[in-house]
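Student: Quick one: structure below, then a few questions.
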Amino acid sequence: MTRDVRVHVALPGEEVPAGELAFETNAGGALISTTFRYTEAWLRHPACYALCPELPLVTGSRRSTGPRLLPGAISDTGPDRWGRTLLFDAARRAARAGGAAMPSFTDADYVVLADDRTRLGNLRYVDPATGAHLAPPEDDLPTLVDLPDLVAAARAATAHEPVDDAALRLLVAGGTTLGGARPKTSVRTPQGGLALAKLPAADDRWDVQAWEAVVLQLARDAGITVPGFALHRVGPEASVLVLDRFDRAATGRVGYLSAHSLLEQRPDEVVSYVDLVEAMGDVAQDAPAQRAELARRVAFVLAVNDVDDHMRNHGLLRGTRGWRLAPMFDVNPWPREWPEQSTPVAAGGSRTRRDVTELVDSAGAFGLTSDVVRGIVHEVDEVVRAWPRVATSYGIEDPEGGVVATAFRVTAP
Ligand SMILES: Nc1ncnc2c1ncn2[C@@H]1O[C@H](COP(=O)(O)OP(=O)(O)O)[C@@H](O)[C@H]1O
Ligand SMILES: [Mg+2]
């Protein structure tokens, strides 16, 4: 069976029909290929660009099979574990209530089922039969007033406790589009903009959102671009991190590409920061500045021991002349005594005990001298040293007494 979907790109002031997708499933309902072709309208548009490296700007169709069944630009717009769970749960309940068979969704189904209003980036999907955008919103987005109810609903959902229909509707209204595994939802800000609210999970061992705020503050102080953010205390143990959506601007939606898609990363393939900086060099607008910013981010990731720094936690935004790094996001301190596999600085580098000397040794790949990289590391370290004071300012009690304290080791080379 084949399902056809049109792809529109939202550019400032216009929405351009840019491509046609065909998702092919086998008799068992599994996705077996995706075919994509650009429209002539897109190929002739003065602002056209390749949506991802797998979809170069050429006429004719390209069929994706094998390990990367969805081209990166398409897969980036779909939900990951959290959003998929919500979509599946809502569909399962509807099927039960209507006496229908249990639903079964492919990766492609999840992409088009997720809410159009909050979808990441500037792609919009259109049903060729009706001309309608997929998927139209059903409920109003939550607002900051709903944060306590969202916290309670996310806690119940992540504890596998019963979530009533009203709570599920609240989570589903804004929660189905963005990737990641942790509970989250898009919310409407008092000014009418879009924000992302990161919520607590039932089995959190510390106040994850508060520590993420601490680290974002430190990153900003270290000269790294971060989204606008605010920490909302909802109860003594519960806080919500509300981040401005960086893929929405006054001019509308902004294109997004994950580093995972830029690198065409295959499942289980290990890529390094040097791989990323090299791939960025080919497509970045103002590449030297982007490379230096990435070097600073790597120095920071090492200083706060962010081990969840896989390539879906790095991304690019579409500028007028190319791609530039999206503000840094999902950076979290992790105790050093619990080693985790993370992104190596360079190919073959350590994944559990990364060291800034690896960054200094890779300076050339970032277009910098080792002295400049040493300077960056020093600046970052000086800022990160202030972590206990910043943690206290975000309401974390006795930050130096908890296990997270071991994340912050500051050593200048
Ligand atoms: N401020 C933001 N604006 C727009 N999109 C964002 C923002 N922060 C994160 N995202 C997108 O949402 C996804 C999930 O967010 P993330 O913070 O990584 O959540 P998780 O902790 O569950 O991994 C990211 O991979 C990124 O694509
Ligand atoms: Mg993430």
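The values are calculated or read from the model by the stated rules, or taken from the named source; none is laboratory data. Predicted model only: the values in this text are computed from it and were never measured. Don't worry about glycine lacking a Cβ; one is built from the backbone with ideal geometry, like all the others, and counts go over all protein chains shown.
Student: Scanning for something touching a Cys at 6+ places or on another chain (Cβ under 7 Å) and among the hydrophobic types (A, V, I, L, M, F, W, C), does the range 24-39 turn up at least one residue?
Tutor: No: zero hits.
Student: Sticking with this structure for a sec: List every residue pair whose Cβ atoms lie under 8 Å apart, where the two residues are 6 or more positions apart in sequence or sit on different chains, the first residue falls within the range 367-378 and is assigned by TED's automatic domain parsing to the domain that holds Asp221 and within 10 Å of Val356 (Cα to Cα), and the second residue, located anywhere, is of a type in the set (Val, Ile, Thr) and at pLDDT below 95.
Tutor: none
Student: I'm trying to understand the selection: among the residues of the range 148-177, which are of a type in the set (Val, Ile, Thr) and more than 21 Å from the chain's Cα centre (by Cα)?
Tutor: Val163, the sole residue that qualifies.
Student: So which of Val187, Val172, Val112 is crowded, with 17+ Cβ neighbours inside 10 Å, touching a Pro at 6+ places or on another chain (Cβ under 8 Å) and aliphatic (A, V, I, L, M)?
Tutor: Working: Val172 fails: touching a Pro at 6+ places or on another chain (Cβ under 8 Å); Val112 fails: touching a Pro at 6+ places or on another chain (Cβ under 8 Å).
Going through Val187, Val172, Val112 in turn, the sole match is Val187.
Student: Can you find a residue in the range 285-293 that is within 19 Å of the chain's Cα centre (by Cα), surrounded by 17 or more Cβ atoms within 10 Å (Cβ to Cβ) and more than 15 Å from ligand 2 (Cβ to nearest atom)?
Tutor: Yes, the range 285-293 has at least one match.
Student: Continuing with this model, one more query. Please indicate, with yes or no, whether at least one residue in the range 224-243 is surrounded by 16 or more Cβ atoms within 10 Å (Cβ to Cβ), touching a Ser or Thr at 6+ places or on another chain (Cβ under 6 Å), under 25 Å from Gly78 (Cβ atoms) and not basic (Lys, Arg).
Tutor: no
Student: Would it be correct to say that Gly180 is outside the structural domain of Arg312 (by TED's automatic domain parsing) and more than 18 Å from the chain's Cα centre (by Cα)?
Tutor: no
Student: Let me ask another. Taking interchain pairs and intrachain pairs at least six residues apart, which have beta carbon atoms under 7 angstrom, with the first residue in the range 225-253 and closer than 19 Å to Gly319 by Cβ and the second basic (Lys, Arg)?
Tutor: Pairs found: Val226/Arg220; Asp247/Arg253.
Student: Still on this structure: Name the one entry in Arg266, Arg318 that is touching a residue at least 12 places away in the same chain (Cβ under 8 Å), in the same structural domain as Glu382 (by TED's automatic domain parsing) and either over 28 Å from Gln217 (Cβ atoms) or of a type in the set (Ser, Thr, Tyr) (or both).
Tutor: Within the list Arg266, Arg318, the selection yields Arg266.
Student: Looking for something within 18 Å of Tyr110 (Cα to Cα) and buried (at least 18 other Cβ atoms within 10 Å of the Cβ) - is there at least one such residue anywhere in the range 45-61? Please lay out each step first, then the result.
Tutor: Here is the first cut: in the range 45-61, the ones within 18 Å of Tyr110 (Cα to Cα) are none.
No.
Student: Something else: Being out of contact with any Phe, Trp or Tyr (no Cβ under 8 Å at 6 or more places or on another chain) and away from ligand 1 (no atom under 16 Å from the Cβ) is true for just one of Ala303, Ala347. Which residue is that? Walk me through it before giving the result.
Tutor: Values: Ala303 fails: out of contact with any Phe, Trp or Tyr (no Cβ under 8 Å at 6 or more places or on another chain).
After ruling out the rest, the residue left standing is Ala347.
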